[in-house]
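What follows is one structure encoded as structure tokens, with my remarks underneath.
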Amino acid sequence: MMRNHERAANVALLGLTLAPLFIKVNPNLNVILTACLTVYVGCYRSVKPTPPSETMSSEHAMRFPLVGSAMLLSLFLLFKFVSKDLVNAVLTCYFFVLGIVALSATLLPSIKRFLPKKWNEDLIVWHAPYLRSLSVDFTRSQIVASIPGTFFCAWYAAQKHWLANNILGISFCIQGIEMLSLGSFKTGAILLAGLFVYDIFWVFFTPVMVSVAKSFDAPIKLLFPTAVSARPFSMLGLGDIVIPGIFVALALRFDVSRGKHNSGYFGSAFLGYTAGLVLTIVVMNWFQAAQPALLYIVPGVVGFLAVHCIWNGEVKQLLEFDESKVASDESKDSTSLKDGSGENSKKAE
């Protein structure tokens, strides 16, 4: 059930996204508020009744920057040697499908409240015509949610309007923060440290990151209208929201696991993210040059959280927290409860 502060954050995010259509909004303020609200919404949506069963391992976290670098360089070479229009046409088709899925999933919780309970719970299983082993499970509610998602993505594909780009981008961010789980703060620290170096290298030492960001005509970045004709939009990559966001979300779930929903380490991590993002904007405007946002955000998020847990004397508890173990323990407990109830029923017989 969505609480009042979550509902307020959703409304504020929607209003802020639409605001530049009607009034002049300072792009720097827009970047900060939009990113922070997106992280906030995604974090609270990541809190589920049961811990995630699948989490990122330390090995995956170590490989992530290397895989990201390979993909980034591949895109750079692709744009360099293949027609940009052709590449973007293929990417548009890909993001059309991906956008429907992400936007539908983002809208689903709001839509479900107005639909019959049966539509939300009864699964429909669709089997591929010639590949019976390939099947997809979905509910009627998901079909309903996909209708506005499909029309919206069609509008994006046809017009490539900045508003459509941003709504899809925000949906990707919310879904990423909601669905991805680091599992532990150790894994999160490894991932953030690797991407900290990744971001610095590709922005400061090569033209690759900036070139791909400008050439890539897809919702992998948020666009914020400016009043400057030479630079009509300020940009923020989705990775600068999702990557720190999943770490902040982990802090929130850690608080929830300890019975602290609205305070504790989530507040520190979220404040660190906000401070890092503000510093990014300040430095970017000071030097009038693109900045690797993770250079400032990662120390902010990790630093604020580290200071807080050291102050509380809870470093050990923080480092030992592992969602995969929590999920495993809960499944064992539920199994033992079932076994116990089964034995009791046999005795009663």
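Some notes on this structure:
- Residue check, residue 74 part of a helix (DSSP H, G or I), hydroxyl-bearing (Ser, Thr, Tyr) and either under 28 Å from residue 194 (Cβ atoms) or at pLDDT below 90 (or both): yes
- The condition (being in contact (Cβ under 8 Å) with a residue 24 or more places away in the chain and over 29 Å from residue 154 (Cβ atoms)) is satisfied by just one residue among 229, 257, 215, 234: 257.
- Candidate set from segment 132-167 (those that are among the aromatic types (Phe, Trp, Tyr) and in a helix (DSSP H, G or I)); member that is surrounded by the fewest Cβ atoms within 10 Å (Cβ to Cβ): 151
- Just so you know, in segment 92-130 the residues that are of a type in the set (Lys, Arg) and in a helix (DSSP H, G or I) include one that is surrounded by the most Cβ atoms within 10 Å (Cβ to Cβ), and it is 112.
- Residue 254 being buried (at least 19 other Cβ atoms within 10 Å of the Cβ) and part of a helix (DSSP H, G or I): yes
- If the condition is being hydroxyl-bearing (Ser, Thr, Tyr) and not in a helix (DSSP H, G or I), then segment 40-58 contributes 46, 50, 53, 55, 57.
- Residue 315 satisfies every condition listed in (1) of a type in the set (Val, Ile, Thr); (2) without any contact (Cβ under 8 Å) to a residue 12 or more places away in the chain; (3) under 30 Å from residue 211 (Cα atoms) except (3).
- For segment 23-30, the count of residues that are within 20 Å of the chain's Cα centre (by Cα) and either surrounded by 17 or more Cβ atoms within 10 Å (Cβ to Cβ) or part of a helix (DSSP H, G or I) (or both) is at least one.
- Residue in segment 180-188 that is of a type in the set (Lys, Arg) and surrounded by 15 or more Cβ atoms within 10 Å (Cβ to Cβ) present: yes
- Segment 303-318 - residue that is aliphatic (A, V, I, L, M) and in contact with a helix residue (DSSP H, G or I) (Cβ under 6 Å, 6 or more places away or on another chain) and, of those, surrounded by the fewest Cβ atoms within 10 Å (Cβ to Cβ): 315
- Among residues of segment 35-81, those that are hydrophobic (A, V, I, L, M, F, W, C) and over 30 Å from residue 259 (Cα atoms), counted: 14
Residue-wise test of (1) of a type outside the set (D, E, K, R); (2) more than 21 Å from the chain's Cα centre (by Cα); (3) surrounded by 24 or more Cβ atoms within 10 Å (Cβ to Cβ); (4) within 26 Å of residue 52 (Cβ to Cβ).
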site: 227; (1), (2), (3), (4): yes, yes, no, no
site: 240; (1), (2), (3), (4): no, no, yes, yes
site: 287; (1), (2), (3), (4): yes, yes, no, no
site: 291; (1), (2), (3), (4): yes, no, no, no
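- Entry remark, segment 151-201: residues being over 18 Å from residue 236 (Cα atoms) and not hydrophobic (A, V, I, L, M, F, W, C) number 10 in total.
- Remark: residue 200 falls outside the filter, which requires a residue to be buried (at least 19 other Cβ atoms within 10 Å of the Cβ) and not small (Gly, Ala, Ser).
- Looking across segment 133-142 at every residue that is out of contact with any Ser or Thr (no Cβ under 8 Å at 6 or more places or on another chain) and touching a residue at least 12 places away in the same chain (Cβ under 8 Å), the one that is farthest from residue 119 (Cα to Cα) is identified as 137.
- Breaking point among (1) on the phi < 0 side of the Ramachandran plot; (2) assigned to a loop (DSSP other than H, G, I, E, B); (3) at pLDDT below 85, for residue 214: (2)
- Residue 61 being within 19 Å of residue 248 (Cβ to Cβ), at pLDDT below 95, part of a helix (DSSP H, G or I) and under 18 Å from the mean Cα position of the chain (by Cα): yes
- Some residue of segment 47-60 being out of contact with any Phe, Trp or Tyr (no Cβ under 9 Å at 6 or more places or on another chain) and closer than 18 Å to residue 270 by Cβ: yes
- Condition check for residue 220: among the β-branched types (Val, Ile, Thr), surrounded by 22 or more Cβ atoms within 10 Å (Cβ to Cβ) and touching a helix residue (DSSP H, G or I) at 6+ places or on another chain (Cβ under 8 Å): no
The values are calculated or read from the model by the stated rules, or taken from the named source; none is laboratory data. Here the structure is a predicted model, which is why all the values come from computation and not from measurement. Note that we place each Cβ from the backbone using ideal geometry, even for glycine, and neighbour counts take in every protein chain shown.
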